[in-house]
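Presented below is the structure to which this report refers.
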Amino acid sequence: TSVLEIKDLHVSVETEQGSKPILKGVDLTVRQGETHAIMGPNGSGKSTLAYAIAGHPRYEVTGGSILLDGEEVLEMEVDERAQAGLFLAMQYPVEIPGVTNANFLRTAKTAIDGEAPAIRTWMKEVKGAMENLRMDASFAERNVNEGFSGGEKKRNEILQLELLKPKFAVLDETDSGLDVDALKIVSEGVNRARETTGLGLLLITHYTRILRYIKPDFVHVFVNGRVAEQGGPELADRLEEEGYDRFLSDAA
Ligand code: ADP
Ligand code: MG
Ligand code: MG
């Protein structure tokens, strides 16, 4: 099975005031088939971790490494990372004017596989995945995320996840802003991906609510750019009761 190893990762973000260190030595190992919840207060660096894995140009890795089956991800371009089997569902999915969802998905699939999918099976797959996510067929012909509601954007991210079949996915607050019905639908999609492809998952969330639907194997608490504590699913239950205050005062 594949393994994603994050070792002593240091990341700075470019700001108007210069380079600001955010991640200060993160260690994390995810095997395919495992789900790791990354929890933590706002501003603790969760999205920074997601962007560093995906290769966002604004986030500069100043130390450490990210290895996918021993290969240095940090040396790969963004598209090479996707081809290697990494996927990011962004906290704030971007709109792509002028590109329909159907074209976007087919282009992404073609780029990742190195060949175009057979048209009839692909169309069936897209249709089935959209039905599973209770997305109206009209979303295939609309421009990517353009004018989508917050919940529709999150479903669209999971549609990509189900169709592109990565080895490892980072879901950045896919749960935030979803009502209970949408949360269930999105969680079912993630669970299908876990079951059918043995996905390795980094589930970034501020709240414990989604963990009722997507059961984590491990929970890591981010505070101030570091993993302040880690444990099994029971750690999420403790956070539910105690919140992040204890970790924040420890860090201060
Ligand atoms: P989280 O996802 O846990 O809420 P982030 O990774 O988004 O945290 O942010 C961590 C810290 O980095 C915050 O203090 C945030 O303000 C800062 N930060 C992140 N991105 C930028 C940016 N593009 N410009 C300035 N500061 C940033
Ligand atoms: Mg945040
Ligand atoms: Mg964030």
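The values are calculated or read from the model by the stated rules, or taken from the named source; none is laboratory data. Fair warning: this is a prediction, and the values are worked out from it, not measured in the lab. Cβ coordinates were reconstructed from backbone atoms using ideal geometry, including for glycine residues, and neighbour counts include every protein chain displayed.
Collect the residues in the range 172-196 that are assigned to a helix (DSSP H, G or I), touching a strand residue (DSSP E or B) at 6+ places or on another chain (Cβ under 9 Å) and hydroxyl-bearing (Ser, Thr, Tyr), keeping them in residue-number order. Answer for the range 172-196, where residues must be assigned to a helix (DSSP H, G or I), touching a strand residue (DSSP E or B) at 6+ places or on another chain (Cβ under 9 Å) and hydroxyl-bearing (Ser, Thr, Tyr): there is none. Condition test on residue 78, is it modelled with pLDDT under 95, more than 16 Å from ligand 1 (Cβ to nearest atom) and among the β-branched types (Val, Ile, Thr)? It is true that residue 78 is modelled with pLDDT under 95, more than 16 Å from ligand 1 (Cβ to nearest atom) and among the β-branched types (Val, Ile, Thr). Is there a residue being within 30 Å of residue 5 (Cβ to Cβ), in a strand (DSSP E or B) and in contact (Cβ under 8 Å) with a residue 60 or more places away in the chain anywhere in the range 158-168? Scanning the range 158-168 turns up at least one residue that is within 30 Å of residue 5 (Cβ to Cβ), in a strand (DSSP E or B) and in contact (Cβ under 8 Å) with a residue 60 or more places away in the chain.
Yes/no per residue for (1) within 16 Å of ligand 2 (Cβ to nearest atom); (2) within 21 Å of residue 111 (Cβ to Cβ):
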site: 36; (1), (2): no, no
site: 46; (1), (2): yes, no
site: 63; (1), (2): no, no
site: 79; (1), (2): no, yes
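Scanning the range 20-68 for residues that are within 17 Å of the chain's Cα centre (by Cα), β-branched (Val, Ile, Thr) and within 9 Å of ligand 1 (Cβ to nearest atom), which turns out farthest from residue 229 (Cα to Cα)? Applying the filter and picking the extreme gives 48.
In the range 70-92, the residues that are over 18 Å from residue 204 (Cβ atoms) form Cβ pairs under 6 Å with partners that are aliphatic (A, V, I, L, M), at six or more places apart or across chains, as follows: 74/61; 74/66; 82/112; 83/112; 84/68. Identify the residue in the range 181-196 that is within 24 Å of residue 52 (Cβ to Cβ) and not β-branched (Val, Ile, Thr) and, among all such residues, is surrounded by the most Cβ atoms within 10 Å (Cβ to Cβ). Residue satisfying both the conditions and the ranking: 193. A search for C-beta distances below 9 Å between a residue of the range 46-68 that is without any contact (Cβ under 8 Å) to a residue 60 or more places away in the chain and under 15 Å from residue 25 (Cα atoms) and any residue that is among the hydroxyl-bearing types (Ser, Thr, Tyr) and assigned to a strand (DSSP E or B), counting only pairs 6+ apart in sequence or on different chains, returns 52/59; 59/12; 60/12; 60/19; 61/12; 62/12; 62/19.
If only residues of the range 196-207 that are away from ligand 2 (no atom under 16 Å from the Cβ) and either of a type in the set (S, T, N, Q) or modelled with pLDDT of 95 or more (or both) are counted, the one that is farthest from residue 68 (Cα to Cα) is 196.
Taken over the range 197-217, the criterion of being in a strand (DSSP E or B) and either within 14 Å of ligand 3 (Cβ to nearest atom) or surrounded by fewer than 22 Cβ atoms within 10 Å (Cβ to Cβ) (or both) is satisfied by 202, 203, 204, 205.
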